[in-house]
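What follows is a short report on a single structure.
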Amino acid sequence: SVPLSFFGGIGGASKLGVLVKGSNYLELLSKVDTVVFDKTGTLTSGTFNVVAVHPEAGVDPDYVLSNAAYAEAFSDHPIAVSVRAAYSGVIDQARIADVREESGHGVSARVDEHVIMVGNDKLMSEHGNSWHDCDLTGTILHVSVDGEYVGHIVIADVVKDDAAQTIRDLHAAGVKRCVMLTGDRRDVAEAVGAQLGIDEVRAQLLPADKVSAVEHLLGLERGDGKLAFVGDGINDAPVLMRADVGIAMGAMGSDAAIEAADVVLMDDKPSKIASAMRIARKTMRIVW
Ligand code: ADP
Ligand code: MG
């Protein structure tokens with residue numbers, strides 16, 4: 001039988017907006033020594049703003065932005081939302097066909113007679129398109145039309161208010177390792193990691209690479225220590241399931257992530273992880 005105090009722990013957590021899907025997760029949560037975070041939407045707001053458009057010589061910046069907005073017309077990715085928001089024109093969906101979203105890469109679509117691609121270095125190189133960066137301050141979206149590079153768009157995200165304090169709280173609570181995984185570029189990832197005091201940053205990862213990274217960490221000798229993964233995206237479901245404790249951001253998170261998770265943070269605040277761990281430890285002490 002489950003001790004009564006377990007329900008007290010789950011109830012206490014739910015009052016804080018932390019949904020724990022079973023009493024066994026309280027026990028696991030109380031033993032967490034490694035916390036692995038996804039970057040976008042988890043440690044950062046996930047609301048990108050377009051900060052610059054850099055067309056190639058002789059190309060109109062509006063041409064770069066409008067093509068990107070058309071290609072991103074049907075995507076739910078935060079990057080797509082930001083590109084559409086920056087484009088002031090109307091998107092005529094009837095002109096768009098053959099839309100393909102490649103996770104961790106970007107999108108391609110046919111607009112009228114032209115093939116548009118919008119995404120990162122990986123997308124461009126895998127389709128044999130050339131590109132070049134001239135701005136290293138943000139997340140970069142390359143844009144090509146019929147295989148020809150027309151320019152790039154720089155977008156920026158902001159770290160959540162309570163993210164740095166959360167990392168400090170977790171370290172103070174005895175968490176040995178805070179790790180950040182992202183599909184974003186290395187320089188952006190390292191800047192965010194340094195700003196937040198993250199112990200270890202892994203960048204340019206595809207969804208499958210995130211699973212391998214977590215499996216690697218799970219394989220390290222940690223005694224009784226458990227690993228928690230925190231994410232919000234559709235692509236995060238496999239990692240959420242692989243971790244000892246999968247924690248999803250519930251407010252902005254995808255249904256797939258919420259379903260795959262063991263713990264759901266209803267208001268998307270990373271600080272709630274530290275609160276949940278505190279409650280879990282208190283509960284376990286009462287139980288023993
Ligand atoms: P994260 O790992 O930070 O949560 P994702 O795995 O969702 O990010 O995406 C990783 C990278 O893939 C993005 O930084 C971007 O370069 C590219 N990407 C993914 N989806 C899109 C899209 N819809 N449009 C353009 N680029 C995209
Ligand atoms: Mg993500």
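Of the strands (runs of 3 or more DSSP E) lying entirely inside segment 47-166, those carrying at least 1 residues that are among the polar types (S, T, N, Q) and at pLDDT 95 or above are 106-111, 139-145.
Out of curiosity, is Val51 within 12 Å of ligand 1 (Cβ to nearest atom) and within 23 Å of the chain's Cα centre (by Cα)? So Val51 does not fit the description; no.
Select from segment 223-239 the residues that are over 15 Å from Ser103 (Cβ atoms) and within 16 Å of ligand 1 (Cβ to nearest atom) and write down the one among them that is nearest to the chain's Cα centre (by Cα). Don't jump to the end; show me each part of the working.
Looking only at segment 223-239, we keep the residues that are over 15 Å from Ser103 (Cβ atoms), and these are 223-230.
Add one more test, that the residue is within 16 Å of ligand 1 (Cβ to nearest atom), and what stays is 229-230.
Values: Phe229: 11, Val230: 9 Å.
The residue in question is Val230.
Among the residues making up segment 36-53, those that are out of contact with any Pro (no Cβ under 8 Å at 6 or more places or on another chain) and more than 16 Å from ligand 2 (Cβ to nearest atom) are Asn49, Val50, Val51, Ala52. Mind checking whether some residue in segment 67-78 is away from ligand 2 (no atom under 16 Å from the Cβ), closer than 26 Å to Arg202 by Cα, among the aliphatic types (A, V, I, L, M) and crowded, with 20+ Cβ neighbours inside 10 Å? Checked segment 67-78: no residue is away from ligand 2 (no atom under 16 Å from the Cβ), closer than 26 Å to Arg202 by Cα, among the aliphatic types (A, V, I, L, M) and crowded, with 20+ Cβ neighbours inside 10 Å. Restricted to helices (runs of 4 or more DSSP H) entirely inside segment 168-260, those with at least 1 residues that are surrounded by 15 or more Cβ atoms within 10 Å (Cβ to Cβ) and in contact with a Lys or Arg (Cβ under 7 Å, 6 or more places away or on another chain) are 186-196, 207-219, 237-242.
For segment 92-128, which positions are within 19 Å of Val53 (Cα to Cα) and in contact with a Phe, Trp or Tyr (Cβ under 6 Å, 6 or more places away or on another chain)? Scanning segment 92-128 gives a single hit, Met124.
Restricting the search to segment 109-128, which residues are near ligand 1 (Cβ under 10 Å from one of its atoms) and in contact with a Gly (Cβ under 8 Å, 6 or more places away or on another chain)? Don't jump to the end; show me each part of the working.
Just the residues of segment 109-128 that are near ligand 1 (Cβ under 10 Å from one of its atoms), to begin with: 117-123.
Across segment 109-128, the qualifying residues are Met117, Val118, Gly119, Asn120, Lys122, Leu123.
Within segment 149-169, the presence of a residue that is farther than 30 Å from Leu265 by Cβ and of a type in the set (Asp, Glu) is excluded.
Within segment 44-72, the set of residues being farther than 30 Å from Met180 by Cα and β-branched (Val, Ile, Thr) comprises Val59, Val64.
Taken residue by residue, segment 189-198 has no member that is touching a Pro at 6+ places or on another chain (Cβ under 9 Å), within 16 Å of ligand 2 (Cβ to nearest atom) and under 19 Å from Thr34 (Cβ atoms). Scan segment 225-239 and tell me whether some residue there is modelled with pLDDT under 90 and among the aliphatic types (A, V, I, L, M). Looking for residues that are modelled with pLDDT under 90 and among the aliphatic types (A, V, I, L, M), one finds at least one in segment 225-239, hence yes.
Taking the stated definitions as given, is Asp255 away from ligand 1 (no atom under 13 Å from the Cβ) and under 18 Å from Val18 (Cβ atoms)?
No, not satisfied.
Within segment 81-88, identify whether any single residue is closer than 16 Å to Thr139 by Cβ, more than 14 Å from ligand 2 (Cβ to nearest atom) and surrounded by fewer than 14 Cβ atoms within 10 Å (Cβ to Cβ), and answer yes or no. Within segment 81-88, one or more residues are closer than 16 Å to Thr139 by Cβ, more than 14 Å from ligand 2 (Cβ to nearest atom) and surrounded by fewer than 14 Cβ atoms within 10 Å (Cβ to Cβ).
Mind checking which residues of segment 190-207 are over 18 Å from Val175 (Cβ atoms) and in contact (Cβ under 8 Å) with a residue 24 or more places away in the chain?
Of all residues in segment 190-207, those over 18 Å from Val175 (Cβ atoms) come to 190-192, 194-195, 203-207.
Within segment 190-207, Val192, Gln195, Gln204, Leu205, Leu206, Pro207 qualify.
The values are calculated or read from the model by the stated rules, or taken from the named source; none is laboratory data. Values in this document were obtained by computation on a predicted structure and should not be read as measured data. Here Cβ is always computed from backbone atoms with ideal geometry, including for glycine, and neighbour counts include all displayed protein chains.
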